[in-house]
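These notes are about the structure you will find just below.
Only the coordinates and a few stated rules stand behind these numbers; no lab work does. Source: prediction; values computed, not measured. Cβ sites come from the backbone with ideal geometry, for glycine too, and all protein chains shown count toward neighbours.
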Amino acid sequence: MYVVKYSGPFGFIKPWTAVRDEEVYSQQFLTPSIVAGIERKLFPELLDKEWGIYKIIGHRLSYKQVSQQQEQTQPRGWNEKGKGAKKEYHRPYAILVRGILLDPILHLAFSNKEDALVAAKQHICLARNEDILYPSGEIIETNSQDFNENEERFPGFELVFEEGENSFLVGYNRFNSGAPMFGWLRVLGNPVQSVV
């Protein structure tokens, strides 16, 4: 297993799912669709493939703090009010609270060194283009047991993309005909780093 470490001053993970954060606190983990999007950014040759995750075999996300920010939104459609000459159209505003991760660290694991080398030379975006994380430049060679158990080297949250007894619904995949996405949360070490 070959691991690439990414970090940046901030990262804004906007859930790409229909599940709201009141139900699932999705700031702290990456959904399957976000990991698939990161993978396609790193490996554009995968854009022609059917939806799935092909090269990233694991990930771990940690951060220092979540700063809550408000975002104003409007629905796509228009509401109609009144009749005849008094007919009006309007679009109501809503306020959503989103969290900005301060000083996030993301580890991406690959099964072969060639893929890790490609990934280690590129930046990634967690959700939006302005929220960039940069690679550390080094590739960490390890095994799956160390990656999944070493709390000092690889602390963080990882949504394991499996459906089972401990799994929960994390959203609906718009890239796969709205199929439900499930997973269970692996928490290793202290995912929220101490603020110094």
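Could you compute the FRET efficiency for K113 and L169, with r as their C-beta to C-beta distance and R0 at 30 Å, rounded to 0.05? According to the calculation, E is roughly 0.25. Is region 41-93 rounded, prolate or oblate when judged by the Cα gyration tensor, a ≥ b ≥ c being the square roots of its eigenvalues, rounded requiring a/c under 1.5 and prolate requiring a/b larger than b/c? Note, shape of region 41-93 comes out oblate. Filter the cross-link list K41/K64; K5/K121; K55/K113 down to pairs whose alpha-carbon distance in this structure exceeds 18 Å. Beyond 18 Å: K41/K64.
On full extension, the segment bounded by R186 and Q70 gains 38.9 nm, given 0.36 nm per residue less the C-alpha separation.
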